[in-house]
Amino acid sequence: MSSINPNGKDIISVSTEWCGKTLTLEVNRVGFRTTASVLARYGDTVVLGTAMVGDKPVVLDYFPLSIDYEEKFYAAGKISGSRFIKREGRPSDEAILIGRLIDRPIRPLFPKGYRQEVQVVASVLSMDPSFRPDVIGMIAASAALMLTGTPFDGPVAGLRVGRVDGEFKAFLTPEERSESELDLVVAGIGSGITMVEAGAKEVSEELIGEGLAWALEHMQPAVALQNELKEKVAPLEQEYELVLPNEDIQKEVDAWVKGKLGEKTRRPYPERNEMINELRWDFHEQMKKKVGEDDYTTALRDEYDEAFTLAVHYDVRDGIVKNGLRPDGRKLDEVRQLSSEVGVLPRTHGSSIFTRGVTQGLNIVTLAPLSYAQMVDTMEQTDYERRYMHHYNAPGYTVGEVRRLGSPGRREIGHGYLAERALEPVLPAEEDFPYAIRSVTEIMSQNGSTSMAATCSSCLALMDAGVPLKRPVSGVAMGLMMDGDKPYVLTDIADAEDFAGDMDFKVTGTEKGITAIQMDMKVHGLPVDILKQAIAQSGPGRKFILDHMLTTLSGPRDHLSPYAPRIEKLMVNPEKIGAIIGKGGETINKITKETGAEVDIKDDGLVTVSAVNTEAIEKALNWIKSLVEEPEVGKIYEGRVVTVKDFGAFVNIMPGIDGMLHISALSDKRVESVTDVVKEGDTVRVKLMAIDDRGRLSLSMRPQDLGE
C-alpha cells in the first residue's frame, strides 16, 4: 500500500505474517531528514529505526558505527518511577545491553576499511507488554540500514526463543519467560547465524543447538520482508572508498617479517607479547631508515603498523591451520595455566583471585539485607528488585595503557551482565538465603576472555562467602577459524587468536548443563552445524577449569564471614504486616532503634531481621513475634489484667488481643468477688482454653489447668 506524506513522497509499506502476528515495515511517514528511517510494527509494538550516514570518510583507524536503543516510558504508558527525574536520560543498563545486542550482528556486515560515520538509533514508540520489543528494534535498525545505500551486507533479523511445554516458541509472554528453561536470542542473515546470546537453567548443548536451528528457520520471513522493502524503495547506492592497507606496503611488510614469526615467537604469554612488541619497534626503526625520518610521517607509520598487524594475524592463522599450533605453542584444545585462591581479603565477606595465563580477575562478594537490592525502573515492566548484582571493572592499567578513569562503558556493562547471567541459575532461593548479593570483579590483567575470568572468580568468591550455590559454575572462551569450509575450534582463546579469528564465543555452565552463552561472528554468517560443533567442544574446557576451581574450594563454606550481617527470616500472615509497621512506620522504627537490627518486610509476609550480633536479632524477632503471633489454644500466657467486671476480668495476652477470664475460672475454689483474686494492672498466668466461632478467647487461672 502507499499514500502521500507531507513531503510529497509515497508512503511505502510491506507486511508479512510472522510467528503469529503481522510484521509491518513502513517508510516515508516520519523522519524526513534522516538518511533512512523505518517504522517497524509487530502487534502493538512500534519501533522507529533511523540511520544517518556521514558525507565523507573520517580519519580514524576504525569504523565509526554507533548503534543505540532508546527506551521511551510513554511507549508502555508509564511515567518513570524516579521521584526526582521523570525525563529519560542516561540509558538504563538494560537499554545498553539491547543496544549491544543489535550492534553485534550488524557491525561485521560492513566491509573492512569502510570509514563513513554511521549512527543508528532504535526508539521504542509503542510497546505491547505481552512480549519484549528488542528484536523488533533489531529489525527496524537493520531495515533502515538497508535503505541507506551503504555497503551493508544485510538484512539482519533476530528472534528471542524460549521453551514452553517442551516446544520452542518466540515472543514469549513475561509469565512464559519466567518459566522457560531457556532464554535464547539468535540473530542472522539469510544464509547463517551472526550472533547468539543465551541464559539457561543448566540445559544441554544439544538443546542449544536445536534452538539455534529453530530460530534461524523461523527468522527468515523477517529477512525476506526487508529485502522486499529495499526492492520497493530502490535506494541509491552510496559512493565510498575503503581505507585498506596499501598492497605494496603489505608486500614489503610480509617480506620483512618472513622468517621472524612462526615458531620463533611461539612462547607463553606475556613473553610472546613482549617479543612481538620488540619486533614491531625494530620494524618501525628499519622502515624509518629506509623511507627517511622526515618522510616517515604519522600517517605513513600507521599504514605500516596496520600492515604489520595483519602479517601477525596471518601468521597466527597459518600456524593453527597448517601445524595445529597456537601462538603460545598450545594445542587447539589446551587451556592456559590456571591458578586461583580464595579468602584473599581479610575484611570482605568473600573474595577470590582467578588467574588463567596472563588474564586475572579479583572478585569481592558483599552480603546485605534484602532491602539493599537494586530497584530497577525500565520501560518494559513495573519496578522490580535486582537481588544479585555483578559489576565488572577493567581500568587502563589492565592492558598496559594510560587511560582516564570514568564510569563503566558498554563493554564493562556487557561483560558484567554475562558473568551475572552465568551464576543466576545456581543462586539459592530468596526464601532460603535472604540476602542481597553484590559481586564485583576487578580485572587485574587482560589477555583474552576477562568475562570468563569474571565468571570463575565470582563463583569462587560466592562460595568463599558461604552463599549456598546449587552447583559451581565455570566458563571458557572459545575461538573459531575457518579455512574454506573446514572449521578449527580453539579452547580458551587469548587476544592474538581473538583478533585473528572468525568467531569468539563464551560458554558457562555447571557439570549438569549450560547457564549462559555469548557468540559473536566476524564472518558473514555461519551454519548451525559449525556452531553446534563449537558449543560441544566447549564442554571439556569448562570441565577442566571447573576441576581446577574445586581443588581450591570444593564447595560453599558452611559459615559466613564474621563481618557479614546475620539474617533470620520469619513468615507472617500478610494481614499482620500493618501491626509490624505501625501507624506511619512508628512501630518498625521503634524496633530498629531499640534493638539495633534492620527489619525488612515483603508483601508476601516474609520478614527478615539482620544485624551483626545475634542478640539484636533475637530481641527484634521476639518483638515481631509478639506483634503477629496468633493465639493458640492450650498455650499458657503471661498477661495483664486490663478490665475488671462483676462476672470476670479481661486479660491482654498479646498485643491487641484480650481474653475473658470468667469468675468461675479464677480458682479451683468458689470466688465471691473478682477483685478478691485480681485487680487492674496485675500480671497473671493464664491458659487459653477455647476460641469460639466469633473469635472470643476463654481463659483460665485454675491450678489444674496451669499444671500446678
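A few remarks follow.
- Residue 700 vs. criteria of a type in the set (Ser, Thr, Tyr) and either in contact with a Pro (Cβ under 8 Å, 6 or more places away or on another chain) or closer than 24 Å to residue 594 by Cβ (or both): no
- Residue satisfying all of: in the stretch 641-664; over 52 Å from the mean Cα position of the chain (by Cα) and loosely packed, with under 15 Cβ neighbours inside 10 Å; nearest to residue 700 (Cα to Cα) among these: 664
- The one condition in (1) part of a helix (DSSP H, G or I); (2) at pLDDT 95 or above; (3) surrounded by fewer than 22 Cβ atoms within 10 Å (Cβ to Cβ) that residue 94 fails to fulfil: (2)
Yes/no matrix, rows are residues, columns are (1) surrounded by fewer than 16 Cβ atoms within 10 Å (Cβ to Cβ); (2) of a type outside the set (Ser, Thr, Tyr); (3) over 36 Å from the mean Cα position of the chain (by Cα):
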{"site": "279", "(1), (2), (3)": "no, yes, yes"}
{"site": "289", "(1), (2), (3)": "yes, yes, yes"}
{"site": "298", "(1), (2), (3)": "yes, no, yes"}
{"site": "302", "(1), (2), (3)": "yes, yes, yes"}
{"site": "327", "(1), (2), (3)": "no, yes, no"}
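- Filter result for residue 558 (among the acidic types (Asp, Glu), within 36 Å of the chain's Cα centre (by Cα) and over 21 Å from residue 366 (Cα atoms)): no
- Set side by side, the residues 159, 172 differ, and just one is outside any strand (DSSP E or B), in the same structural domain as residue 210 (by TED's automatic domain parsing), of a type outside the set (Lys, Arg) and out of contact with any Pro (no Cβ under 8 Å at 6 or more places or on another chain), which is 172.
- Residue list for the stretch 128-173, restricted to those being modelled with pLDDT under 95, closer than 18 Å to residue 213 by Cα and β-branched (Val, Ile, Thr): 164
- Test: residue in the stretch 390-406 that is surrounded by 21 or more Cβ atoms within 10 Å (Cβ to Cβ), β-branched (Val, Ile, Thr) and either touching a Leu at 6+ places or on another chain (Cβ under 8 Å) or touching a residue at least 12 places away in the same chain (Cβ under 8 Å) (or both): no
- Cross-chain or 6+ apart pairs with Cβ under 8 Å, the stretch 133-157 first and at positive phi, then part of a helix (DSSP H, G or I) and surrounded by fewer than 24 Cβ atoms within 10 Å (Cβ to Cβ): none
- Which numbered condition residue 122 fails, given (1) surrounded by fewer than 21 Cβ atoms within 10 Å (Cβ to Cβ); (2) farther than 23 Å from residue 528 by Cβ; (3) among the small types (Gly, Ala, Ser): (1)
- Flag if residue 455 is within 23 Å of residue 354 (Cα to Cα), modelled with pLDDT of 95 or more, surrounded by 18 or more Cβ atoms within 10 Å (Cβ to Cβ) and within 17 Å of the chain's Cα centre (by Cα): yes
- Residues (touching a Lys or Arg at 6+ places or on another chain (Cβ under 8 Å) and either surrounded by 10 or more Cβ atoms within 10 Å (Cβ to Cβ) or not assigned by TED's automatic domain parsing to the domain that holds residue 649 (or both)) located in the stretch 667-683: 667, 668, 674, 682, 683
- Members of the stretch 670-704 that are of a type outside the set (A, V, I, L, M) and not in a loop (DSSP other than H, G, I, E, B): 675, 676, 683, 685, 687, 698, 700, 703, 704
- For residue 503: the one exception among (1) free of Cβ contacts under 8 Å to residues at least 60 places away in the same chain; (2) crowded, with 19+ Cβ neighbours inside 10 Å; (3) farther than 22 Å from residue 319 by Cβ: (3)
- Checking every residue in the stretch 194-205 against the condition of being closer than 30 Å to residue 178 by Cβ, assigned to a helix (DSSP H, G or I), in contact (Cβ under 8 Å) with a residue 40 or more places away in the chain and of a type outside the set (A, V, I, L, M) gives at least one match.
The values are calculated or read from the model by the stated rules, or taken from the named source; none is laboratory data. Keep in mind it's a predicted model, so treat the numbers as computed, not measured. A quick note on method: Cβ atoms are made from the backbone with ideal geometry, for glycine too, and the neighbour counts reach across all protein chains shown.
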